[in-house]
Amino acid sequence: MKWLVLLVDDRAASRDLVSTELEESGYRVETARDGREGWAAFCRYDFDLVITDLRMPISDGMTLLQKIRSSESINPQVPVILFSAYGSLSTAVAAGRSGATDFYPFSEAGI
């Protein structure tokens, strides 16, 4: 059975690129444009993995991570990977303390 991945990113080009790569690698992918849409999708489906951008308008990736790890979550143990073009050591530490499985800093050209 193929893993179901939630991919959350406000930039359409990045979202499309990563989604295509994941699908070509055999994953099923649902996408969202921000943390609010991501949370709505998370509540509808049983995801095996969440990959989310850190900085997004309306609702960011850290807020989404905190909701996923909260008592209102249907699957608080799901792995969550945060990524950002604006990552720093302090951001990575904060993500880890909030329950992120991993954090990847990317340059603007990297995604």
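The values are calculated or read from the model by the stated rules, or taken from the named source; none is laboratory data. Treat the numbers as computed from the prediction; the structure is a model and nothing was measured. Methodologically, a virtual Cβ is constructed for each residue, glycine included, from the backbone with ideal geometry; neighbour enumeration extends over all protein chains shown. Surface accessibility is based on the protein's heavy atoms, side chains included, excluding ligands, DNA and RNA. Shrake-Rupley method; radii C 1.70, N 1.55, O 1.52, S 1.80 Å.
Tell me, which longest segment in the chain has none of the chymotrypsin sites (Phe, Trp or Tyr not before Pro) that fall in DSSP loops with at most 15 further Cβ atoms within 10 Å?
4-44
Residues whose amide H falls under 5 Å from that of TYR104, counting only those 5 or more places apart or on a different chain, are LEU82, PHE83, SER84, with hydrogens built in the peptide plane.
All other residues whose Cβ lies under 11 angstrom from that of MET56 are scored, Lys and Arg at +1 and Asp and Glu at -1, for a net of -1. Two numbers describe the Cα atoms of the chain: Rg and Dmax, which are 12.8, 37 Å. Heavy-atom accessible surface of the chain, averaged per residue, reaches 55 Å², computed with a 1.4 Å probe. Net charge dipole, the chain: roughly 320 debye, given to the nearest 20, about the Cα centre with Cβ charges of +1 for Lys and Arg and -1 for Asp and Glu. Were the residues from SER25 through ILE58 laid out at 0.36 nm apart, the gain over their Cα-Cα distance would be 8.8 nm. For the range 12-69, rounded, prolate or oblate, judged on the Cα gyration tensor with a ≥ b ≥ c (square roots of eigenvalues), a/c < 1.5 rounded, else prolate if a/b > b/c? Oblate is the answer for the range 12-69, as a/c is 1.5 or above yet b/c matches or exceeds a/b. Label-to-label distance, LYS2 versus ASP102, with points set 7 angstrom from Cα along the beta-carbon direction: 2.1 nm.
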